[in-house]
Amino acid sequence: MQADARLFEHLYLQSGITAIQTLSTDEDESNYATLLLHSAASTRLYGTLATPALTPLLGLSALRHTFIPELRFSWNPPFSALPISNDATNSYVWPFDTPFVIGASPYFGALPDGQNRIGITLKNILHGKFHSNKQNAADGIATSTDKSVALLTLNVATALNTATEDFRWQPLTITASSNALTPSLFISGGTMYDFY
C-alpha cells in the first residue's frame, strides 16, 4: 500500500507499508509475515545557462541542470533478533495473528534484521537545447526547430542504518549514463565505495 502527496507545490512525499505473508506448504512449518514501513521526500531545483557561443559550432543554444535531492526513511522491527530456541514452537505474534516461529526452520533465515534506515540520493540531469535551421526542398522555406537532449544523468546515493552498531553506512554508489551521441547508443557506468 502506498500514498503519494505534494506539499507547497514543490515537495513530493511518498509513504507506504509493505506486508509480506508467507504460507508454508509443509505441515511441520508455520506461516510467517514481515512488515516494512517506508517514506520518501523529494523536490526539484532547476538552473539554466544560455550558450550562444556554441550555437554556430554545435547547435547548442542552452543548458539546463535539474537537481533532485531525495531523502528516504525505512523501518522494520527486528524479527531475527528475537531469542532463538531449540524448540521450534518459540513464536512471536506481531502485527498479524500469524506467529513468527524462530528455531530450526530454514525459512526464517530470510526474516530481516531490524533497520531504521535513512537514505539520501542526489540526482543530477543535464539537458542540452539544440537549435537547427532546416530548409524545405519543396518550397525553399527555412524552418527552425529546437530539441532537448539528455546529455548526462549522474546519481549519488548512500544510506545510514541507525538500528545497528556495526557497518551502519551503506556503500556510496555513483552511476552515470548518457545517450547524447545518438538515441540508439546508451552509455552507462558506475562505481561503489565501501566505507568499511
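What the table below lists for this structure:
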quantity: Counted charge near VAL149, where neighbours are those whose Cβ lies closer than 12 Å (Asp, Glu -1; Lys, Arg +1); calculated: +2
quantity: Solvent-accessible surface ranking, highest first, for LYS129, LYS147 at 1.4 angstrom; calculated: LYS147, LYS129
quantity: Solvent accessible area, Å² - THR55, 1.4 Å probe, full protein context; calculated: 40
quantity: Ranked packing of 163-171, 38-46, most packed first, by mean Cβ within 10 Å; calculated: 38-46, 163-171
quantity: Order by protection proxy (mean Cβ within 10 Å, highest first), peptides 185-191, 152-158; calculated: 152-158, 185-191
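The values are calculated or read from the model by the stated rules, or taken from the named source; none is laboratory data. Nothing here was measured: the structure is a model prediction, and the numbers come from that model. All Cβ positions, glycine included, derive from the backbone under ideal geometry; neighbour counts span all protein chains shown. Note: areas computed on protein heavy atoms with side chains; ligands, DNA, RNA excluded. Shrake-Rupley method; radii C 1.70, N 1.55, O 1.52, S 1.80 Å.
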